[in-house]
Amino acid sequence: MNITRRAALMGAAALSLSKPVFAQGSAWPTKPVRTFVGFPAGSSPDLLARIVTEPLATVLGQPIVIENKPGAGGVIGVQQMLNAKDKDYAIGTTINGPMTTAARLTPDLGYDVAKDIIPVVLVATSPLVLVVAADFPATDLAGFIAAAGKEPEALTYGSVGKGSGAHLTAELFSDRAGVEMLHIPFTSYAEVTTAIIGHEIDSGFMAPSAALQYVEAGTLKILGITSAKPFAQAPDVPVMAGQAGLPADFRAELWNAFIAPVGTDPAIIELLNTNINAILADEAVQKRLEDMGWQAAGGTPEQLQQRIAEDTAIWGAVLDRIDAKN
């Protein structure tokens with residue numbers, strides 16, 4: 001994982017300390033903290049938030065109340081966090097979309113990521129895997145790219161719609177591999193999976209946890225994974241980076257992070273970052289995340305800010321590519 005030993009030790013030390021006293025002389029928190037999640041209860045972002053906030057509440061000595069505000073791919077949760085009256089008691093958990101692509105995809109977004117949001121910490125990342133039917137002729141990524149490159153749109157792929165993680169990943173892959181595939185949108189990943197197994201489409205990108213059960217059943221096979229390094233949940237799946245002509249820095253990951261509104265006391269951001277890093281360094285927490293298909297991350301607010309900027313540039317270029325094709 002990406003947490004340095006120093007960060008983990010600092011976080012562990014913080015767990016044994018009393019709550020700090022800020023410059024204005026009042027301890028924080030003195031009442032429950034609200035955490036806005038832009039997805040429904042039981043969703044992956046909701047579960048990730050709960051895995052972290054349960055021990056965090058114990059450390060802080062105050063309840064952390066999860067407020068599920070689903071809609072617009074997580075955007076509504078961010079909006080609700082920003083609209084909270086007490087900025088020092090409102091934080092949020094978000095996936096990458098509201099931080100990187102929402103400005104292009106959501107009319108009347110209502111916020112500027114750079115001006116209105118403070119990154120707190122990257123919680124976890126999850127790659128996608130390229131899947132095909134078990135009897136697809138290609139047995140590796142090189143064979144798949146060769147088949148896709150025979151002519152434009154020689155192969156098809158499915159996703160849950162324009163702008164979805166699978167759609168953007170497939171277009172990034174196509175661009176980096178120098179091929180053109182035909183996008184077939186569906187309304188759910190279950191439909192995408194059924195279409196691949198039924199040979200209605202050739203391929204799709206999906207979470208490892210969603211694909212592995214079908215691999216074990218013998219109906220799908222995985223040709224590669226989009227993380228920069230092997231993924232614990234699928235250790236035998238080769239990374240795509242550097243293979244079959246793909247660049248060595250090829251990476252396409254979903255991620256989850258904690259954020260806060262601009263105006264939040266900097267001491268609160270530091271306290272949250274230190275304690276969440278310590279929580280993510282715990283092996284039991286890492287195992288819970290791994291079982292869900294996520295890998296614990298961590299790091300500084302500045303590192304999360306850099307990740308947001310990098311991914312905004314990458315996915316912005318992909319959206320330009322998509323718009324040029326339509």
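How far, in nm, would the chain grow between residue 314 and residue 292 when pulled straight, counting 0.36 nm per residue and subtracting the alpha carbon separation? Could you put the intermediate results ahead of the total?
Working: separation 22, 0.36 × 22 = 7.92 nm, distance 2.60 nm.
Fully extending the segment from residue 314 to residue 292 adds 5.3 nm.
Go ahead and collect, in residue order, the members of the stretch 223-267 whose backbone nitrogen is under 14 Å from a label point 7 Å along the Cα-Cβ direction of residue 175.
247, 250-253
Residue by residue, what Karplus-based ³J(HN,Hα) values in Hz, rounded to whole numbers, does the stretch 184-200 have, using 6.51, -1.76 and 1.60 with θ = phi - 60° and x for Gly and Pro?
Taking θ as phi minus 60°, the curve returns 10, x, 10, 9, 7, 5, 4, 5, 4, 4, 4, 5, 5, 4, x, 6, 6 Hz for the stretch 184-200.
How high is the FRET efficiency between residue 135 and residue 30 when r is their beta carbon distance and R₀ equals 56 Å, given to the nearest 0.05?
0.35
In degrees from 0 to 90, rounded to the nearest 10, what is the angle of the helix 208-217 Cα long axis to the longest principal axis of the chain?
Taking Cα atoms only, the helix is inclined about 40 degrees.
Which one of 315, 181, 123 is farthest out on the positive end of the charge dipole of the chain, using unit charges on Cβ (Lys, Arg +1; Asp, Glu -1) and the Cα centre as origin?
123
So what does residue 282 come to for accessible area, using a 1.4 Å probe and Å² rounded to 10?
Solvent-accessible area, nearest 10 Å²: 70 Å².
What length, rounded to one decimal in nm, is gained on full extension from residue 115 through to residue 244, with 0.36 nm per residue of separation minus their alpha-carbon distance?
Gain in length upon complete extension: 42.4 nm.
Which whole-Hz couplings ³J(HN,Hα) result when phi for each residue of the stretch 280-288 is put into the Karplus expression 6.51 cos²θ - 1.76 cosθ + 1.60, θ = phi - 60°, listed in order with x for Gly and Pro?
5, 7, 6, 5, 5, 5, 4, 5, 4
For the stretch 195-310, with all protein chains present and a 1.4 Å probe, just round the carbon and sulfur fraction of the accessible area to a whole percent.
Within the stretch 195-310, the accessible surface is 51 percent carbon and sulfur.
Apply 1/(1 + (r/R0)^6) to the Cβ-Cβ distance of residue 326 and residue 151, taking R0 = 22 Å, and write down the FRET efficiency to the nearest 0.05.
0.65
Per DSSP H run of at least 4 residues, take -39500 (n - 2.57); add these up for the chain, divide by its residues and hand me the 222 nm value, nearest 500 deg cm²/dmol. List each step's numbers first, then the result.
Numbers: 13 runs with 138 residues, N = 326.
For the chain, the value works out to -12500 deg cm²/dmol.
Kindly write out, for the stretch 230-243 in residue order, the coupling ³J(HN,Hα) from the Karplus curve 6.51 cos²θ - 1.76 cosθ + 1.60 (θ = phi - 60°), rounded to whole Hz, with x marking Gly and Pro.
Here the 3J(HN,Hα) series is x, 9, 4, 6, 9, x, 8, 7, x, 6, 7, 3, x, 9 Hz.
Based on the Cβ-Cβ distance of residue 229 and residue 188, what FRET efficiency does E = 1/(1 + (r/R0)^6) give at R0 = 35 Å, to the nearest 0.05? Intermediate values should be presented prior to the final figure.
On the way: r = 30 Å, r/R0 = 0.85.
Using R0 = 35 Å, I get an efficiency of 0.75.
The values are calculated or read from the model by the stated rules, or taken from the named source; none is laboratory data. Just so it is clear, the structure is predicted and the values come from calculations on it, not from any experiment. All Cβ positions, even for glycine, are placed from backbone atoms using ideal geometry, and neighbour counts span all protein chains on display. Remember, those area values only see protein heavy atoms, side chains included, never the ligands or the DNA or RNA. Shrake-Rupley method; radii C 1.70, N 1.55, O 1.52, S 1.80 Å.
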